[in-house]
Amino acid sequence: MKKTSLLILILLISTNIFCQTKIDSLEILINNLKEEKSIIDEKIKNAEKEIIKIIKAEGYEITVKLPYYKKYLEVKNKIKGGRIIAKIKDGEKLLVIGKEDIYLKVKIKDKIGFTFISNLEPPINLLSQKKEYYNSFKKNTTSKSFNYSKDKTYKSKCSSTQCTGRTKKGSRCRNRTTNCSGRCYRH
């Protein structure tokens, strides 16, 4: 009996020591991976900054992809009230050289013009505040007087019954109504 209990005690202690060393080695591995991840994240941020610097200095070429309902992309010489200087068809290329408010500054051949930022998508999301612009526009245009919720269901106080009205021929109306008067929308 003493030998068995001693053997069990030794096994428990050795298992505990073995598990603890495994846990310690896994914690070290996790910490090393976290450090590597932070180094990689920093490298990605620096690369994005460099790409943005190059794009801002030299611009970037983009192939125009129009939605099915547009025949061409209008490029104007001024931001507001400008005249159309170019109409770009789907699949053509142009050079984006900057951004001003909600407009992208583009270069086509030797002409420089502007188009809405929503018409073209920059290669890096950091160049565009398109999403924030649309969200702010959405907030400013939604009406607070019409607050319909998908979760709410509107029920009538009266149960559905056959309309009590009569048709021109004198027969009873076949429509059903939840109106408490017992009449449908036609009567």
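Observations
- The dipole here belongs to the range 1-107: it is taken about the Cα centre, uses +1 on the Cβ of Lys and Arg and -1 on the Cβ of Asp and Glu, and is about 720 debye.
- Projecting the Cα atoms of 44, 21, 55 onto the charge dipole of the range 1-87, computed from C-beta unit charges around the Cα centre, puts 55 farthest toward the positive end.
- Sequence of 45, 107, 56, 2 from largest to smallest accessible area, 1.4 Å probe: 2, 56, 45, 107
- Normalised per residue, the accessible area of the range 1-47 is 96 Å², obtained with a 1.4 Å probe and no contribution from ligands, DNA or RNA.
- For residue 85, distant residues with modelled amide H under 5 Å away: 75, 76, 77
- Ligands, DNA and RNA left out, the 1.4 Å accessible surface of the range 5-92 is 61% carbon and sulfur atoms.
- Spacing of the two label points (7 Å from each Cα toward its C-beta) at residue 102 and residue 57, in nm: 3.3 nm
- Distance between modelled label sites at residue 20 and residue 5, nm, 7 Å Cα→Cβ extension: 2.3 nm
- Estimated at the nearest 10 Å², the accessible area of residue 72 is 80 Å² with a 1.4 Å probe.
- Taken about its Cα centre, the range 53-119 carries a charge dipole of roughly 180 debye when the Cβ of each Lys and Arg holds +1 and the Cβ of each Asp and Glu holds -1.
The values are calculated or read from the model by the stated rules, or taken from the named source; none is laboratory data. These figures come from a predicted structure and were not determined experimentally. For neighbour counting, all protein chains shown are included, and Cβ atoms are generated from backbone atoms with ideal geometry for every residue, glycine included. Areas reflect the complete protein model, heavy atoms only, side chains present, ligands, DNA and RNA absent. Shrake-Rupley method; radii C 1.70, N 1.55, O 1.52, S 1.80 Å.
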